[in-house]
Amino acid sequence: MKVAIIQSDNLPYDKAKLSFFMQNAKNEGAKLIVLPEYVLNRFFKEIEKMPISFVKNQSNQQIKHLKHLANIYNLTVIAPVVKIVNNQKYKTIVKIDKNIKYYYQQALMPYSHWNEEKFFDKKKMSPMIFKIENFKFGVMFGFEAHINKFWEYFKEKKVDSVLIPSIGTFNSHKRWLEIFKTKAFLNHFYVIRANRTGRYKEWEFYGKSFALSPEGEVLNMLGNQEEIAIIKLQKEKIKEAKKEWKFLDIEKLIKHF
């Protein structure tokens, strides 16, 4: 099973760039492609100042393009997008293949310099889980990865790989890498982070998207430019890690607290 990571700045309405990435992914045998946060839409600080009608049109056009390309290349696409419904604003991840399915972000940033919690509307739901062939994937946003409850949910549901579209800045790469290496190792699933590039004023989005093995090892890491990576996932590697370390088996035996 192969997964493609697209690492990019804002993607324009023009289908040419997306088509180029998706054709490369298809040629390499990928079944799934993951995009970072705020590439189909402008960055959050820009969206805050935009007319809601513009954001809605932008999102609708991007989803239309992705649906068309997903059908051409027979790929499943995972991509964050701002969804507007009856003038309510939702931060979502869309899964596009033959159908379109949305996951609505549950934990949003509440900080004064980046307050998604105040800006976006809420819709309660469980994290997205889906299967391609014999692989089970879980999906969450980058900020949600700080919350243990999401990792516990994916472990309970026995996912094989966690997909994390994100947008990282402020030199946070090392912290993210260590968090995700630990989560991958302790839970024995692949962790794939697709991270945005580019800039907003003095904020630099550093890229460095990566994929981690079920033993917490780095399988692939990109630089800070627009790139694509193809990651090979193997079910056998997950079984080997679980058999060798036995963390999950031991956890089942501890029931007294």
*PHE119 vs. criteria buried (at least 18 other Cβ atoms within 10 Å of the Cβ), modelled with pLDDT of 95 or more and of a type outside the set (A, V, I, L, M)*: no
*Evaluate the stretch 202-215: report whether one residue or more is within 21 Å of LYS155 (Cα to Cα), among the charged types (D, E, K, R) and in contact (Cβ under 8 Å) with a residue 40 or more places away in the chain.*
no
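Can you tell me which residue among LEU248, LEU212 is at pLDDT below 95 and surrounded by 14 or more Cβ atoms within 10 Å (Cβ to Cβ)?
LEU248
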*Residues GLN62, GLN58, GLN23: which one is part of a helix (DSSP H, G or I) and either of a type in the set (Val, Ile, Thr) or surrounded by fewer than 18 Cβ atoms within 10 Å (Cβ to Cβ) (or both)?*
GLN23
_Test for LYS83: is it more than 23 Å from GLY142 (Cα to Cα), free of Cβ contacts under 8 Å to residues at least 40 places away in the same chain, surrounded by 16 or more Cβ atoms within 10 Å (Cβ to Cβ) and not hydrophobic (A, V, I, L, M, F, W, C)_ = no
*Find the residue count for the stretch 218-243, including only residues that are assigned to a loop (DSSP other than H, G, I, E, B) and without any contact (Cβ under 8 Å) to a residue 24 or more places away in the chain.*
1
*Identify, from the list LYS67, LYS91, LYS136, LYS101, the residue that is of a type in the set (Lys, Arg), in contact with a Phe, Trp or Tyr (Cβ under 6 Å, 6 or more places away or on another chain), closer than 28 Å to ILE230 by Cα and touching a residue at least 24 places away in the same chain (Cβ under 8 Å).*
LYS91
*asked:* Whether any residue in the stretch 155-170 is over 30 Å from VAL85 (Cα atoms), modelled with pLDDT of 95 or more, touching an Asp or Glu at 6+ places or on another chain (Cβ under 8 Å) and surrounded by fewer than 21 Cβ atoms within 10 Å (Cβ to Cβ) is what I want to check.
replied: no
*Among residues belonging to the stretch 124-174 that are aromatic (Phe, Trp, Tyr) and in a strand (DSSP E or B), point out the one that is farthest from ILE96 (Cα to Cα).*
PHE135
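The values are calculated or read from the model by the stated rules, or taken from the named source; none is laboratory data. The model shown is predicted, which means the values in this text are computed figures rather than measured ones. In this analysis, Cβ positions are derived from the backbone assuming ideal geometry, glycine residues included, and neighbour counts consider all displayed protein chains.
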